[in-house]
1. Need one number: % antiparallel among DSSP beta bridges in the range 5-85, to the nearest 5.
2. Pick out, from 118, 156, 27, the residue whose Cα sits farthest towards the positive end of the charge dipole of the chain, with +1 on the Cβ of Lys and Arg and -1 on the Cβ of Asp and Glu.
3. Could you give the length gained by full extension between residue 62 and residue 89, i.e. 0.36 nm per residue of separation minus their alpha carbon distance, to one decimal place?
4. Under 12 Å from the Cα of residue 163, which aspartates and glutamates turn up, not counting those fewer than eight places away in the same chain?
5. Could you compute the net charge surrounding residue 147? Neighbours are other residues with a C-beta less than 11 Å from the C-beta of residue 147; K and R count +1, D and E count -1.
6. Using alpha carbon coordinates only, what is the Rg to Rh ratio of the chain, with Rh defined as the Kirkwood radius?
7. Tell me, what does the Kirkwood hydrodynamic radius of the range 1-54 come to in angstroms if you use every pair of distinct C-alpha atoms?
8. Summing Lys, Arg as +1 and Asp, Glu as -1, what charge do residues with Cβ under 9 Å from the Cβ of residue 163 carry, residue 163 excluded?
Amino acid sequence: MVNTREFEIAASVTDPELPPLTLADLGVLREVTVVDGNVLVTLTPTYSGCPAMATMRDDITHRLHDFGYDRVEIRTRLTPAWSSDWISADGRRKLSAAGYSVPGPAPERTVGPVPLTLTAKPRAIDCPQCGSSNTLLTSEFGATLCKAQYRCSDCLEPFEHIKEI
């Protein structure tokens, strides 16, 4: 993907649910092209029903309008599905600096039926505050579906972990 002026403008928009990250850091900004003066922006949501998508679309549209682009179209691309592996190295550093637990490698995707389990797969998570591995899952779902809530049993600080998807 060529980083055009239009791409750089869209890439500067921050994620409404993870404000330390831009949409480019998060990997949801997939493509920005200009066709006949119309700026076409393609996004892949972290989840197909992500409630932040409307805000992302509005924020990108307003940012491009601020830079003089009157005709903006936002498209959603669901395939390939977003993966936490798409978070940039810079995005991972920003998450860590903001006190989030960064995701490890995403599970390998396969073709065919998805195995269904009724319990969350245990994760070995280190506390982003003190580095202790003595952490406890308190809720599989945080403020958003892509986060889980943990507490460190050593420093007693609660923290959010960005899930591997």
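Bear in mind these aren't lab numbers, they're just calculated from the coordinates by the rules spelled out. All figures in this text were calculated on a predicted structure; none of them were measured in a lab. Neighbour counts are summed over all protein chains in view; Cβ atoms, including those assigned to glycine, are modelled from backbone coordinates with ideal geometry.
1. 60
2. Farthest towards the positive pole: 118.
3. Roughly 7.0 nm would be gained on extension.
4. 85, 140
5. Details: positive: 163; negative: 17, 140, 160.
After counting each charged neighbour, the total is -2.
6. On the way: Rg = 17.5 Å, Rh = 17.2 Å.
Ratio of gyration radius to Kirkwood radius for the chain: 1.02.
7. On the way: mean 1/r = 0.0858 Å⁻¹.
This gives a value of 11.6 Å.
8. 0
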